Amino acid sequence: SQQGEEDPQALSIQEGENATMNCSYKTSINNLQWYRQNSGRGLVHLILIRSNEREKHSGRLRVTLDTSKKSSSLLITASRAADTASYFCATGQGAQKLVFGQGTRLTINP
Amino acid sequence: DAGVIQSPRHEVTEMGQEVTLRCKPISGHNSLFWYRQTMMRGLELLIYFNNNVPIDDSGMPEDRFSAKMPNASFSTLKIQPSEPRDSAVYFCASSTRRTMTNEKLFFGSGTQLSVL
């Protein structure tokens, strides 16, 4: 079974708005990563946050991690049509094993 | 850098046939992963290699699946015999293993497998 569970499963917003996606997991982790997948393509790494970090930024992306609640959130600010994709969280468990959630399908409406 | 290269991009075969999927990792990466993606089960880790050695194959669904990595620049995932329930997108990913913790993965474009 997948360790990370994203919420919501689907999200549709207007261009320019912010998009927030959440991820919950069950066991202790080394780090948590977020990936994007465009339709028909492979996954692309967005950002990695380690278990001893609480927040990380990369451009329009902001990731938070709350290990006490076993949850993470990905915020995309000032969304663009090109941000339309599926977003996955992946939890690092043990040496190298990355377990992916089911993903959030994000649609940005022009 | 050409990225992770997978072939074929699409494969359509009949039940019972042997299927071989191929992957060339990024040069210099010493870890390679095979994932399978379906609507029902999402992304599943099938097997991964470090320095060409299989480390964890607990995700391989059954004996019909086998994976090899004869050298640092090539890996295969074989299904024999194939069944309709094997239809999925199969991804190969590679990374550098610098520490004991997880590094980011670089994914190929995947092989869309359809077993009729």
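Return the FRET efficiency for the residue pair B:Q112, A:T107: r is the Cβ-Cβ distance, R0 is 25 Å, and the value is rounded to the nearest 0.05.
Between B:Q112 and A:T107 the formula returns 0.65.
According to the square roots a ≥ b ≥ c of the eigenvalues of the Cα gyration tensor, what is the shape class of segment A:59-110, taking rounded for a/c under 1.5, prolate for a/b larger than b/c otherwise, and oblate for the remainder?
Note, shape of segment A:59-110 comes out prolate.
When the Debye formula is applied to the Cα atoms of segment A:1-104, each taken as the same point scatterer, what base-10 log of I(q)/I(0) results at q = 0.09, 0.15, 0.18, 0.20 Å⁻¹?
Per q value, in the given order, log10 I(q)/I(0) is -0.20, -0.56, -0.80, -0.99.
Amide H neighbours of A:T84 under 5 Å, at least 5 residues apart or on other chains, H built in the peptide plane: list them.
Amide H neighbours of A:T84: A:I108.
Where both residues lie in chain B, what percent of DSSP beta bridges are antiparallel, nearest 5?
90 percent
Write out the trypsin sites (Lys or Arg not before Pro) in segment B:47-116 meeting two conditions: DSSP loop, and at most 14 other Cβ atoms within 10 Å of their Cβ.
B:R98
Going out from 0 in 5 Å bins, what whole percent of all Cα-Cα distances in chain B drops into each bin?
2, 13, 23, 26, 19, 10, 5, 1, 0
In whole angstrom, how far apart do the alpha carbon centroids of segment B:1-55 and segment A:44-70 sit?
When both Cα centres are located, 27 Å separates them.
Given the protein chains as shown and a 1.4 Å probe, how many square angstrom of B:V115 are accessible, to the nearest 10?
Roughly 10 Å² of B:V115 is accessible to a 1.4 Å probe.
Mind listing the phi-derived Karplus ³J(HN,Hα) values for segment B:40-50, rounded to whole Hz, using 6.51, -1.76 and 1.60 with θ = phi - 60°, and x for any glycine or proline?
Taking θ as phi minus 60°, the curve returns 6, 10, x, 8, 10, 7, 8, 7, 9, 10, 10 Hz for segment B:40-50.
Could you go through segment A:53-69 in sequence order and give the Karplus-derived ³J(HN,Hα) for each residue, using 6.51 cos²θ - 1.76 cosθ + 1.60 with θ = phi - 60°, rounded to whole Hz, and x for Gly and Pro?
With coefficients 6.51, -1.76 and 1.60, one gets 9, 10, 8, 8, 10, 8, x, 8, 9, 9, 10, 10, 9, 10, 6, 5, 9 Hz.
Each residue of segment B:81-92 in turn: what ³J(HN,Hα) in whole Hz from Karplus with 6.51, -1.76, 1.60 and θ = phi - 60°, glycine and Pro shown as x?
For segment B:81-92, the Karplus-derived couplings read x, 7, 10, x, 6, 7, 4, 4, 9, 9, 10, 10 Hz, x marking Gly and Pro.
Counting only DSSP beta bridges with both residues in the protein assembly as shown, tell me the antiparallel percent, nearest 5.
Taking every DSSP beta bridge within the protein assembly as shown, about 90 percent pair in antiparallel fashion.
Return the carbon/sulfur percentage of the accessible area of the protein assembly as shown, one whole number, probe 1.4 Å, all protein chains in place.
Its accessible area is 48 percent carbon and sulfur atoms.
Give me the mean projected area, in nm² to one decimal, of the convex hull enclosing the Cα positions of the protein assembly as shown.
12.2 nm²
In terms of modelled amide H atoms, which long-range or inter-chain residues lie less than 5 Å from the amide H of B:Q17?
Residues meeting the amide H criterion: B:S82.
Whose amide H sits under 5 Å from the amide H of B:S87, counting only residues 5 or more places off or on another chain, with H placed in the peptide plane?
Result for B:S87 returns B:V115.
The values are calculated or read from the model by the stated rules, or taken from the named source; none is laboratory data. Nothing here was measured: the structure is a model prediction, and the numbers come from that model. Note: ideal-geometry Cβ built from the backbone for every residue, glycine included; neighbour counts use all protein chains shown. What goes into the accessible areas is simple: the full protein's heavy atoms, side chains included, and nothing from ligands, DNA or RNA. Shrake-Rupley method; radii C 1.70, N 1.55, O 1.52, S 1.80 Å.
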